[in-house]
Amino acid sequence: MSSRCNKHQLVITDTGPLIALAISGYLRFLSFLFDEIIVPETVKKELCLEQDLPGVVMLREVLHDNPVFRVVSASNMDMELAKLLDPGEAEAISLAREYHGVLLIDERKGRNVAFKRGIPVVGTGRILIAAKQRGFLNSVEQALKELRISGYRLSDSLCEELVRLAGE
């Protein structure tokens, strides 16, 4: 949660936040908050868009119809990252470095690796807070409850901190 979500930024997203935002119905917030959303090719594959999983229909539509979302392959994959992280995270971090964008990632190990490389990082919780601050969302606490009900894992301490940061 180190970086703020300012409009006119480019964000590169990992798989987890896309799934979380899609299954909870909050995926649209990304296009409200960012001018361009880059989805790594590996992340697109990890989304299993050919299956009928929760949130997948919305993800398919967004990736096909919304020009703000763009699927990109890293031109210069960091092989050290490929050894440390899963393929989607490694490509997302490589693209964040290549495009000088903000990385949207929730997984702790990936966030720590990105921090060490000087890449600005936001998580799903920061997206919800920014959406509330801009009037797109009424309650971060309720949104977090919906994420948890949909199966997204969030610790109690993280939820408490996000609700505090949201001023609720």
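Quick look at the values:
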quantity: Conditions (1) modelled with pLDDT of 80 or more; (2) touching a helix residue (DSSP H, G or I) at 6+ places or on another chain (Cβ under 6 Å); (3) outside any helix (DSSP H, G or I): number failed by V39; calculated: (2)
quantity: The one condition in (1) surrounded by 16 or more Cβ atoms within 10 Å (Cβ to Cβ); (2) in a loop (DSSP other than H, G, I, E, B) that V62 fails to fulfil; calculated: (2)
quantity: Hits in the stretch 83-94 - residues which are closer than 11 Å to T13 by Cα and either free of Cβ contacts under 8 Å to residues at least 12 places away in the same chain or assigned to a loop (DSSP other than H, G, I, E, B) (or both); calculated: none
quantity: Residue among R126, R97 that is among the charged types (D, E, K, R), touching a residue at least 12 places away in the same chain (Cβ under 8 Å) and more than 17 Å from G16 (Cβ to Cβ); calculated: R97
quantity: Every pair of residues 6+ apart whose Cβ atoms lie under 7 Å, when the first sits in the stretch 152-168 and is free of Cβ contacts under 8 Å to residues at least 40 places away in the same chain and farther than 21 Å from G135 by Cα while the second is surrounded by 13 or more Cβ atoms within 10 Å (Cβ to Cβ) and not hydrophobic (A, V, I, L, M, F, W, C); calculated: L154/R148; L158/G125
quantity: Selection count, the stretch 112-168, where residues are closer than 19 Å to T15 by Cβ, of a type in the set (S, T, Y) and assigned to a helix (DSSP H, G or I); calculated: 1
quantity: Residue in the stretch 67-82 that is within 14 Å of the chain's Cα centre (by Cα), closer than 19 Å to T15 by Cα, assigned to a helix (DSSP H, G or I) and modelled with pLDDT under 95 present; calculated: no
quantity: Every residue from the stretch 42-59 that is part of a loop (DSSP other than H, G, I, E, B) and more than 22 Å from E107 (Cα to Cα); calculated: E50, Q51, D52
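The values are calculated or read from the model by the stated rules, or taken from the named source; none is laboratory data. These figures come from a predicted structure and were not determined experimentally. Note: ideal-geometry Cβ built from the backbone for every residue, glycine included; neighbour counts use all protein chains shown.
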